[in-house]
Each structure stands twice: as C-alpha cells, then as structure tokens.
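The values are calculated or read from the model by the stated rules, or taken from the named source; none is laboratory data. Nothing here was measured: the structure is a model prediction, and the numbers come from that model. Positions of Cβ are backbone-derived with ideal geometry, glycine not excepted, and every protein chain shown enters the neighbour counts.
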Amino acid sequence: MNAATASFQGAYTGAFHAFLSDDAEANLRAAYELGREAVGRSLGLLELAEVHHDALLAELRTAAGTEDVDRITLAGADFMAEGLSAYEMVRRGFTEACDVVDSERRQARMLRQLSTLLADASLAVHAQSSVEEVLQLVAEQTLELTDAPWCIACAVSGTGDQTLTVAHTGAPQPALNEVAAEAFAAIATGTDHTRVVTLQTSSAPIALGAIALTALDGDPIGILAAPARAERPFSALDEALLVHIGQMTSAALERGRRYRGHAIGG
C-alpha cells in the first residue's frame, strides 16, 4: 500500500468507526465525501474495496458476539454503498470531461494540420485536378471532425463559369451532383452565408448543415455540407467547426483563383 492509499485508509477507518458509533446522516455523509476523495487521489476501485475490507475487518475483530458481527457487517454494506455511489458518479463525470478535452485537443490538431495543408495546396491550385484534391481533402477532414455520415464540398470552376466541382466522402449518396447543385443554389440565394443553415434538398429528404464558401467580395463560390446523424444532432461545436473549415477553404480557393489569374495574365 503506497503513502496516498495509507493516508486514505486512516481517514476511511476513522469515518467508518464513527458511523458504527452513531449512524446519523452526517456520519454516513463522510462515506460519500470519501468516495469523491478517492477519485481525486486516483485510487482504483480495487484499492477502494481493499481499504473498506481492512476497515471492516478491524471492526469485526472487536465484535462482542454474533449480533454485533451482523450489525457491523450490515453497517459496512451501507457505508461502502454510499462511498461507491459517489466514487462512480464522480469518476464517470471526470472520465467524460477528460474524453471531451481529448476530443477537442484532437480536433484542434486536425484543424492546424488542415490549415497548413490548405495553405500549401492553395498555391498549387492552378488546375482543375488540384481544386478537386483540395475539396476532397476538406470533405474528408470535415467528415472525421464532425462524425457526419457523409460530406460534400463543391466549388464553381471560375469567374463566369458556374460548373460545380464536387468532392464527396463517407456513405454513398445518390444523385450527388444534383444534391450539391441544389444545396449550392439554396445557400447562394440566401442572405447570410457566414453561418450554418439547414437545407432540405428536393431530390432527397435530407437536412443538410451547410456553410457557404465565399470569395473576398462575399459572393458564394461553393459550399461545404454534411447531414447530422439521427442519433446525434450537430452540436454548437460541430457548427463552429463547419464555419471555421469553410472559412479556411474559402481562403485557399480564393488564393488559388488569384494565382491562376496572375499566371494567365503574366
């Protein structure tokens, strides 16, 4: 038994003895607080069980007879149940909080990597194949970051040419080009291209969270869209991620368009 466990053992034994002497609510509350403290001390469930077993055994050695043994054992069950309920509640909350932090850190790393890739790729967007590669990269990263079932990213070919280049990843999506065209038309005619909106395409009853990809003058040049899973609607974080990725993609495509313009003009 290490020093941390030994210190906790002393506190637990003392609190259990006090509860045996007086089973008032205040003394039972001590078990609840000890359960919370066990999580803070990073004690495992087996260590907590060992601490309780030792405390119970110490009290049973002083038992005056069978009735006293029964009383101590029953009280021990109540005391341990109270401690375990707090332990499990706090541990579950702590684990969930750690999972959220880990997920957000992972998302932040992926966003930094995507930003770097887009910054590099945007300089090479001088051919249609490169535009497709950028859009495919964006679609794949968005799918992983939001856990959507599928994702599309599309952009118009250039100034005056409204032909859409479409990238798709995830579950198969029928009439993909039609869905992309209708989603782009819906968001392009809206008044707010800077936030996530919900779209219902006519070709399929699918609600899409979509963000406009825009040029520097604010004109829409494409969209980034994905449906939420039925069992997990888009969260505020998912929407913020779509907006952020959309802004990075818009900047990359705009730089590529300007690069091509200079290359052609020069």
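With respect to residue 247, is the statement that it is surrounded by fewer than 19 Cβ atoms within 10 Å (Cβ to Cβ), on the phi < 0 side of the Ramachandran plot, modelled with pLDDT under 85 and assigned by TED's automatic domain parsing to the domain that holds residue 150 true? Answer is no for this residue. Of all residues in region 38-53, exactly one satisfies the criterion of being among the acidic types (Asp, Glu) and either under 14 Å from residue 16 (Cβ atoms) or crowded, with 20+ Cβ neighbours inside 10 Å (or both), namely 50. Scan region 3-33 for residues that are touching an Asp or Glu at 6+ places or on another chain (Cβ under 9 Å) and either farther than 18 Å from residue 72 by Cβ or not assigned by TED's automatic domain parsing to the domain that holds residue 60 (or both) and jot them down. Once the filter is applied, which keeps residues that are touching an Asp or Glu at 6+ places or on another chain (Cβ under 9 Å) and either farther than 18 Å from residue 72 by Cβ or not assigned by TED's automatic domain parsing to the domain that holds residue 60 (or both), region 3-33 yields 5, 8, 11, 29, 32. If the condition is being outside any strand (DSSP E or B) and modelled with pLDDT of 80 or more, then region 203-227 contributes 215, 216, 217, 218, 219, 227. Across region 54-73, the number of residues qualifying as assigned to a helix (DSSP H, G or I) and within 16 Å of residue 18 (Cα to Cα) comes to 11.
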